[in-house]
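We did not get these values from a lab; they are worked out from the coordinates using the rules stated. Quick caveat, the model's predicted, so the values are computed rather than measured. Here the Cβ positions follow ideal geometry from the backbone for every residue, glycine too, while neighbour counts run over all protein chains shown.
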Amino acid sequence: MSTKKTNAQPPNKLTGIQLTEVPQKAVGTKAIQSALSHVFEETGVLKGIGLLKNLNQTYGFDCPGCAWPDPDEKRAFLAEYCENGAKAVAEEATKNKVSPMFFATHSVEELSSWSDYEIGKSGRITHPMVLEEGDTHYKEISWEKAFNLIANQLNKLNSPDEAIFYTSGRTSNEAAYLYQLFVRQFGTNNLPDCSNMCHESSGAALSETLGIGKGSVTLDDFNHADLVIVMGQNPGTNHPRMLTALGETKKNGGKIITVNPLPEVGLMRYVDPQNPLEWFGKGQELTDLFLQVKINGDVALLKIILKLMKAKEDENPGAVFNHQFINEKTHGLGDFLNDLDQYTIEDLLPQTGLTLGKIEKATELIINNDKIIICWAMGLTQHKNAVDNIREVVNLLLLKGSIGKKGAGTCPVRGHSNVQGDRTVGIWEKLKPEFGEKLAKEFDFTPPTKEGYDVVNAIEAMYHKKAKVFMGMGGNFVSATPDTEYTASALRNCELTVHVSTKLNRSHLIHGKTALILPCLGRSEKDIQQSGEQFVSVENSMGVVHSSNGHLTPCSNHLLSEPAIVAGIAKATLNGSKVDWEKLISNYDLIRNKIEATIPGFENYNQRVRLKGGFYLPNNARDNNFSPTSTGKANFTLNKPSDIHLNDNEFMLMTVRTHDQYNTTIYGLNDRYRGVLNERRVVFMNSDDMLKLGVKKLDKVNLISNFNNEKRVANGFIALPYSIPKQCMATYFPEANVLVAIKNKAKISNTPASKTVVITVEKIDN
Ligand SMILES: Nc1nc2c(c(=O)[nH]1)N[C@H]1C(S)=C(S)[C@@H](COP(=O)(O)OP(=O)(O)OC[C@H]3O[C@@H](n4cnc5c(=O)[nH]c(N)nc54)[C@H](O)[C@@H]3O)O[C@H]1N2
Ligand SMILES: Nc1nc2c(c(=O)[nH]1)N[C@H]1C(S)=C(S)[C@@H](COP(=O)(O)OP(=O)(O)OC[C@H]3O[C@@H](n4cnc5c(=O)[nH]c(N)nc54)[C@H](O)[C@@H]3O)O[C@H]1N2
Ligand SMILES: [Mo]
């Protein structure tokens, strides 16, 4: 019997929606209650307290939630955690187990009919498992056999480029470095990662303009900023500890502008969970000026601001632009200003959905303040013109000289807890020539130079059978990627799919002819190798590398660490590798020595990673040095507003996260901060649009995308009126990924445009 008919999409049954008021403030006692109940429910009380005590403490483990940095000095007494960090930890430290017995009881087909929430709640995977060709159930396999199976399949390929090696962003520096080394010794640069779907647009824009693909600010800069602009980001849910930093900005007299189609609760008002005196109050107002921009209206908005700045500068030269900085540090001002002149405010304004008065207020704040930080996340990076979005942000900062000085700079807020570190240590489908040379010398082999597949290209390659083996180091490829049914066909075309995972997810159920699940240790667990207990290291959103020590007993004796799994596969697969894989994993200091030998900035890695708080990697933009760019200076760029024009019956849909999920991991069914409980299949609409469509609150609708005249449908969503600009809608990822056409992606960065999905809406009768 074949198991081909597994469901790539979560079932579209409704779970019983309840609506509540949208809360007026974020965090506070409700958040603490929610955090503790998730932890205790999943792990039990004693283990739960132990967990929270160690989370993000100087010698504890790194929170697997987001990449927001820990304070260098001051750490909260109880623990440096947030509600959603606690949920992330609870999810990993759960008591529930997915054992061989579990797999014997439930067929792959049955499991695929479960919701993502149910799949996730089933628990931690305890044994390596295999699904052989034609089988209906996964069964246990030994590690040795699993490694040999992979090796045989890889060595059968016509070319190493027929294999794809994906990485999600939780993988430690040590594991990621070994992984890329194995993949490159195998002979390919096919190293797509979750960054391709996340901050790739930031990396592309920032490298071109400032000579480094990372942000320039440190956490301390938030204490010194006059103005922080938060664009396209929902920190109350996705980076809750960032609210503390924004709170500090406000306490020190700084102002905050928020640019978002939604009035996200966390940004409006918050209560510091680590300050019990604040728990019962009204909370602190965070946003001073809220610009409720239309989806993808950001370049138009920034251009209007830039034009208003220029007009003021023309009136009173030197009053707005920082000429000293511009003359010394930048390139391309003239072309940039000429290009800006081609646009008129009248043409740009409708794209923003804002009044000119509001934009003038924002411009005034920008003109009157010098130390400006701009923060952003997926609201800017997941659009067709995403790279333009971020380059335009840089233009604004350059005009003000607001970079490379205290209290000012770029702040792309990263997602996964080590997504930035994975890139630093070599996970990328493009191999930098300097790094290639270092690898060649250190390990005595010839690394491949051909550019590998990124996420979108990898999916297309599998779809067209140009790639036949898929391996995922963490993550949930089928649910995280766009165009769910297309991607599912791509994976089903593979000879072999392999997942190194902590928990069961849908990607284990949408499989190649043969499939393997290799269960690994989580962040919170002890990692013991030949030389004793090991720690790993990670890099946060601001370029600080620090250690992470697991304290819990692993959930099963059959788990291996990620580095050990890579070493096992490498040893079985590679003939003639001069790397002593066994030795490298016997003591992770040896891996760190290799990182130090091949990657700049890691001098005395083993010593410095043991220091309290770790160490900062070099950052040229932070140091006001832009010499790595093509011109040797910070570059002004010419950017384009959105070229998407909606017909009257069309809407712009963005796919966002609820307060109760971590990407494809569904912690619960509530989106407390948006007033929706016990339901994920909802679509937030503007009430005028609902009137026009004849759709009432709680009516059911189908969402239809017609990208390139190909019809894609997401069935059965509940319509909810919400504060969102006209012709804009919002729904949740991953349910709506089926609507994101594989070809709907950002220019330059190739990031799926999952925030610019043009749809029509069809009301379902009865
Ligand atoms: N608890 C929790 N934490 C997480 C995650 C999680 O799923 N759960 N995921 C992690 C990861 S990998 C990432 S990348 C980050 C994601 O963090 P975010 O980027 O905050 O996540 P999204 O939910 O995608 O929210 C995007 C925000 O951008 C806004 N937006 C959408 N389109 C536009 C636009 O065109 N213009 C503007 N100005 N705004 C727009 C949306 O209204 C929303 O507020 O969070 C990380 N942290
Ligand atoms: N429509 C739409 N699509 C999106 C987005 C969006 O906003 N809208 N956001 C995109 C973004 S920003 C990102 S980053 C991607 C996320 O894409 P991924 O990183 O691929 O997805 P996750 O849901 O974070 O992966 C969760 C799985 O990772 C595994 N896991 C957890 N911890 C560990 C660990 O320590 N080791 C290992 N080996 N495995 C572990 C578990 O098995 C879990 O099921 O999704 C992207 N997709
Ligand atoms: Mo992300």
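Compute the longest continuous run of the chain that contains no exposed chymotrypsin sites (Phe, Trp or Tyr not before Pro); treat a site as exposed when its DSSP state is not H, G, I, E or B and it has at most 10 other Cβ atoms within 10 Å. With chymotrypsin sites (Phe, Trp or Tyr not before Pro) excluded where exposed in loops, the chain gives 281-766 as its longest stretch. The radius of gyration of the Cα set in the range 537-581, together with its Dmax, comes out at 15.0, 39 angstrom. Each of Asp623, Asp483 has some number of other Cβ atoms within 10 Å of its Cβ, and from fewest to most they run Asp623, Asp483. When only Cα pairs below 8 angstrom with a gap of at least 6 residues are kept, the chain shows a relative contact order of 22 percent. Of all segments of the chain bounded by GluC sites (Glu not before Pro) found in a DSSP loop with no more than 15 other C-beta atoms within 10 Å, the longest spans 134-450. Measuring spread by the Cα atoms of the range 630-746 yields a radius of gyration and Dmax of 16.9, 57 Å. Counting only lysines at least 8 places from Lys612 when in the same chain, those with an alpha carbon closer than 19 Å to its own are Lys53, Lys74. The loop-placed trypsin sites (Lys or Arg not before Pro) in the range 615-705, going by DSSP, that have at most 13 neighbouring Cβ atoms within 10 Å of their Cβ come out as Lys696, Lys697. Here's how it looks for Val757: its modeled amide H is under 5 Å from those of Leu653, which are all 5 or more places away or on a different chain.
The length gained on full extension between Ser489 and Leu646, counted as 0.36 nm times the residue separation minus their Cα-Cα distance, comes to 53.5 nm.
Over all pairs of different C-alpha atoms in the range 200-412, the reciprocal of the mean inverse distance, the Kirkwood hydrodynamic radius, equals 17.4 Å. Annotation: extensible slack from Glu582 through His464 equals 38.8 nm (criterion: 0.36 nm per residue apart, minus Cα-Cα distance). The phi-based Karplus calculation (6.51 cos²θ - 1.76 cosθ + 1.60; θ = phi - 60°) puts the 3J(HN,Hα) values of the range 298-304 at 5, 5, 4, 4, 5, 5, 4 Hz, whole numbers, x for Gly and Pro. Calculate, for Asn223 and Leu611, the FRET efficiency according to 1/(1 + (r/R0)^6) with r their C-beta to C-beta distance and R0 25 Å; round to the nearest 0.05. That pair, Asn223 with Leu611, gives E of 0.65. Mean projected area of the convex hull spanned by the Cα atoms of the range 540-666, taken over all viewing directions: 16.0 nm². Using a simple spin-label model with pseudo-atoms 7 Å out from Cα toward Cβ, Glu118 and Lys251 lie 4.7 nm apart. For the pair the range 494-565 / the range 669-698, the C-alpha centres are spaced 38 Å from each other.
The amide H of Thr514, built 1.01 Å from its N in the peptide plane, has Leu496, Thr497 as neighbours under 5 Å, considering only residues 5 or more places off or on other chains. Using the Cβ-Cβ distance between Lys97 and Asp370 with R0 set to 60 Å, the FRET efficiency from 1/(1 + (r/R0)^6) comes to roughly 0.60.
Using a 7 Å offset from Cα along Cα-Cβ at Lys13, what residues in the range 634-672 end up with backbone N under 17 Å from the label point? Output list for this probe position: 669. Bridgeable lysines around Lys310 (alpha carbons under 16 Å apart, same-chain partners fewer than 8 residues away excluded): Lys361, Lys400. In order along the range 724-730, phi translates into HN-Hα couplings of 8, x, 4, 6, 10, 9, 9 Hz, rounded to whole numbers, per the Karplus curve 6.51 cos²θ - 1.76 cosθ + 1.60 with θ = phi - 60° and x for Gly and Pro.
Taking other Cβ atoms within 10 Å as a rough exposure proxy, His199, His106, His38, His323 sort from fewest to most as His323, His106, His38, His199. Maximal additional length on extending the Ser687-His551 stretch stands at 43.9 nm, based on 0.36 nm per residue less the C-alpha distance.
Contact order, relative form, for the range 200-412: 32 percent (alpha carbon pairs under 8 Å, 6 or more residues apart, mean separation divided by residue count).
By the rule of a C-alpha distance below 13 Å, with chain neighbours fewer than 8 residues away ignored, the aspartates and glutamates paired with Lys513 are Glu132, Glu133, Asp135, Glu495.
This ranking places Lys438, Lys406, Lys303 by how few other beta-carbon atoms lie within 10 Å of each, fewest first, which gives Lys406, Lys438, Lys303. In order along the range 94-104, the phi-based Karplus estimate (6.51 cos²θ - 1.76 cosθ + 1.60, θ = phi - 60°) of 3J(HN,Hα) comes to 4, 6, 6, 10, 9, 9, x, 4, 4, 5, 5 Hz; Gly and Pro are listed as x. With 29 Å as the limit on Cα-Cα distance, the pairs of Lys251/Lys745; Lys384/Lys503; Lys97/Lys745; Lys294/Lys692; Lys5/Lys711; Lys255/Lys307 that go past it are Lys251/Lys745; Lys384/Lys503; Lys97/Lys745. All distinct Cα pairs of the range 125-210 go into the 1/r average, and the inverse of that average, the Kirkwood radius, is 15.7 Å.
Over the range 478-519, the pair-distance histogram of Cα-Cα distances with 10 Å bins from zero comes to 32, 56, 12 percent, rounded to whole numbers.
For the chain, the mean projected area of the C-alpha convex hull, equal to one quarter of the hull surface, is 30.2 nm².
Round to a whole angstrom and tell me the spacing of the C-alpha centers of the range 621-652 and the range 389-465. Each part reduced to its Cα centre gives a spacing of 17 Å.
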